[in-house]
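Structure first, then comments.
Every read-out reported here was derived from the displayed coordinates using simple, explicitly stated rules and does not represent laboratory data. Keep in mind the model is a prediction, meaning the values are calculated, not measured. Because the Cβ atoms are built from the backbone with ideal geometry, glycine has one as well, and the counts that use them run over all protein chains shown.
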Protein chains: 2
Amino acid sequence: MEKKRISKAVINRLPRYYRYLGDLLEKDVVRISSKELSEKMKVTASQIRQDLNNFGGFGQQGYGYNVEYLHSEIGKILGLEKQYSLIIIGAGNLGQALANYADFERRGFFVKGIFDINPRLVGMSIRGIEIKNVDELEDFVKNNDIDIAALTVPKAKAPQVAADLVKWGIKGIWNFAPTDLNLPDDVVVENVHLSDSLMKLSYKLSEKRKLAD
Amino acid sequence: MEKKRISKAVINRLPRYYRYLGDLLEKDVVRISSKELSEKMKVTASQIRQDLNNFGGFGQQGYGYNVEYLHSEIGKILGLEKQYSLIIIGAGNLGQALANYADFERRGFFVKGIFDINPRLVGMSIRGIEIKNVDELEDFVKNNDIDIAALTVPKAKAPQVAADLVKWGIKGIWNFAPTDLNLPDDVVVENVHLSDSLMKLSYKLSEKRKLAD
């Protein structure tokens with residue numbers, strides 16, 4: 001595979017390709033043209049060809065893509081051939097939702113621990129994993145090979161928790177706290193800012209309303 | 001305000017500006033230069049000026065931005081001067097997390113109803129709002145002025161639920177189901193695809209690893 005800089009927009013589309021191809025696989029579709037894939041995904045066919053050419057292309061002219069091969073190759077690009085160990089900090093509704101989401105396991109993300117500060121939650125189990133006290137977090141991270149920490153803690157606590165996790169060796173933070181974390185360059189942060197998403201929705205709604213007026 | 005096409009990248013940054021300015025307001029900061037704002041937000045100062053110029057600019061040369069004014073103007077652009085009525089379809093962990101998120105109210109998003117199919121959940125209350133049976137959804141939507149429906153239902157159910165909601169008059173869908181919805185053009189959809197986000201994280205982690213090797 002060629003080593004070049006892949007744009008953020010392409011990276012944003014890759015999980016969608018992977019998801020769509022997974023759906024096609026489940027329906028036993030063996031082969032798909034970029035035209036069909038483009039209709040399903042509402043991206044132009046040339047966009048799809050261009051995106052995939054970033055990774056050497058996978059199709060044959062007039063022959064389309066082999067769904068299983070393309071799914072597996074995109075999976076490799078996304079790093080999904082590896083398994084990831086995940087811990088969840090914050091066992092509130094959102095943390096529990098993540099812990100209960102079986103789909104993640106199918107993609108190779110395994111929840112190894114859940115931590116909270118609330119004594120009413122500590123000791124409870126979610127899908128067989130006991131919620132531990134955050135007191136145990138440092139030892140746990142240092143003694144287990146954890147790739148990703150999902151942060152579902154309040155905004156005010158997130159920066160300190162993230163800094164501690166990084167100090168103890170975590171390289172991937174999946175941040176749900178509504179704040180941007182300031183972490184070293186060798187740490188990867190992926191943010192899920194729910195209120196930002198809701199504001200984008202209200203922006204689009206108010207734009208539609210202006211057009212309708 | 002001039003009427004021009006605002007790029008998706010700018011729209012994606014607006015909620016972040018709004019969030020940062022809100023943080024500054026809470027700290028009683030009255031005025032900020034684009035340089036300071038850029039250091040906080042890790043966006044170049046010229047990017048900030050360029051973004052805000054899309055909306056007529058709000059700063060004075062050498063004088064910086066008035067935080068309260070800029071916050072309120074960006075709020076208006078984001079449609080936040082209006083209040084939104086929201087319903088949640090699916091009262092599992094994720095739906096409950098949304099219902100419990102008090103921050104949304106502060107921004108003008110009010111949860112008016114929560115619906116589920118599970119008899120063990122129906123009748124329970126979350127922050128004073130009773131979970132109703134989905135049987136009542138049609139009447140509720142038709143008899144209340146609901147702006148946004150948050151969809152936290154399983155992937156297989158999402159397309160039908162969304163189609164029904166749109167038929168009954170909903171114009172904004174906040175979709176958490178891991179599938180893309182195919183809805184009429186006058187309906188606004190904002191997706192929160194958690195597994196896509198996790199795949200982006202694994203992509204970035206594996207890229208870092210390649211660089212380290």
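Rg over Rh of region B:84-196, using C-alpha atoms and the Kirkwood radius, what does it come to?
Details: Rg = 12.9 Å, Rh = 13.9 Å.
Rounded to two decimals, Rg over Rh is 0.92.
Just to check, using Stokes-Einstein with a Kirkwood Rh over alpha carbon pairs, what's the diffusion coefficient of chain A at 37 °C and 0.692 mPa s in µm²/s?
Working: Rh = 19.7 Å.
In µm²/s, the coefficient rounds to 167.
In chain A, once you exclude exposed GluC sites (Glu not before Pro) (DSSP loop, at most 14 other Cβ within 10 angstrom), what's the longest stretch remaining?
Values: sites that count: A:GLU2, A:GLU81.
Looking at chain A, A:82-213 is the longest stretch - no exposed GluC sites (Glu not before Pro) with at most 14 other Cβ atoms within 10 Å.
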Exercise for review: Show the residues, 5+ positions off or on another chain, whose built amide H is closer than 5 Å to the amide H of B:ILE114.
Suggested key: B:ILE88, B:LYS132
Study note, to complete from the structure: Non-local residues with an amide H under 5 Å from the amide H of A:PHE109, with H modelled 1.01 Å from N and Pro and chain starts lacking one, are A:TYR84
Review point. So which chymotrypsin sites (Phe, Trp or Tyr not before Pro) in region B:41-138 pass both tests, a DSSP loop state and at most 12 other Cβ atoms within 10 Å of the Cβ?
Key: B:TYR63
Practice item. Work from the charge dipole of chain A (Cβ charges, +1 for Lys and Arg, -1 for Asp and Glu, about the Cα centre) and give the residue of A:TRP168, A:LEU121, A:SER46 farthest towards its positive end. Key: A:SER46
Check your understanding: Calculated FRET efficiency, B:SER33 and A:ASP186, Cβ-Cβ r, R0 22 Å, to nearest 0.05?
Key -> 0.15
Revision key, fill the gap. Note, region A:131-137: 3J(HN,Hα) by Karplus (6.51, -1.76, 1.60, θ = phi - 60°), whole Hz, Gly/Pro = x, goes 6, 9, 6, 4, 3, 8, 4
Review point. Mind listing the phi-derived Karplus ³J(HN,Hα) values for region A:197-213, rounded to whole Hz, using 6.51, -1.76 and 1.60 with θ = phi - 60°, and x for any glycine or proline?
Key: 4, 5, 5, 5, 5, 5, 4, 5, 4, 6, 5, 4, 5, 4, 5, 6, 5
**Study point:** Separation in nanometres of the label points that stand 7 Å from Cα toward Cβ, at A:ALA9 and A:GLU130
**Key:** 5.1
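Give the longest segment of chain B that steers clear of trypsin sites (Lys or Arg not before Pro) in DSSP loops with at most 11 neighbouring Cβ atoms within 10 Å, not counting the sites themselves. Let's see the in-between values first.
Values: sites that count: B:LYS3, B:LYS4, B:ARG5, B:LYS27, B:LYS42, B:ARG120.
The longest such stretch corresponds to B:121-213.
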Check your understanding: Once phi is turned into ³J(HN,Hα) by the Karplus curve 6.51 cos²θ - 1.76 cosθ + 1.60 with θ = phi - 60°, what whole-Hz value does each residue of region A:44-53 show in order, with x for glycine and proline?
Key -> 5, 4, 6, 4, 4, 4, 4, 4, 6, 5
Check your understanding: Binning every alpha carbon pair distance of region A:48-142 at 5 Å from zero, what are the percents per bin?
Key -> 3, 12, 19, 15, 11, 9, 8, 8, 8, 5, 2, 1, 0
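Taking the alpha carbon gyration tensor of region A:159-213, what are the square roots of 5 times its eigenvalues, largest first, to the nearest whole Å? Walk me through the numbers on the way to the answer.
On the way: eigenvalues 250, 16, 10 Å².
They are 35, 9, 7 Å, listed from largest to smallest.
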Point to revise | Span from the region A:2-49 Cα centroid across to the region B:144-201 one, whole angstrom | key: 21
Point to revise | Bins of 10 Å from zero: percent of alpha-carbon pairs in the protein assembly as shown | key: 4, 19, 28, 29, 16, 3, 0
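Can you give the extra length, in nm with one decimal, that the chain gains between A:ASN100 and A:GLU81 once fully stretched, where that is 0.36 nm per residue apart less the Cα-Cα distance? Working shown, then result.
Numbers: separation 19, 0.36 × 19 = 6.84 nm, distance 2.22 nm.
Using 0.36 nm per residue and subtracting the Cα-Cα distance, I get 4.6 nm.
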Point to revise | Estimated 222 nm signal from helices in chain B, with DSSP H stretches of n ≥ 4 weighted -39500 (n - 2.57), rounded to 500 | key: -13500 deg cm²/dmol
Check your understanding: Rounded if a/c is under 1.5, else prolate if a/b beats b/c, else oblate: with a ≥ b ≥ c from the C-alpha gyration tensor eigenvalues square-rooted, which is region A:8-77?
Key -> rounded
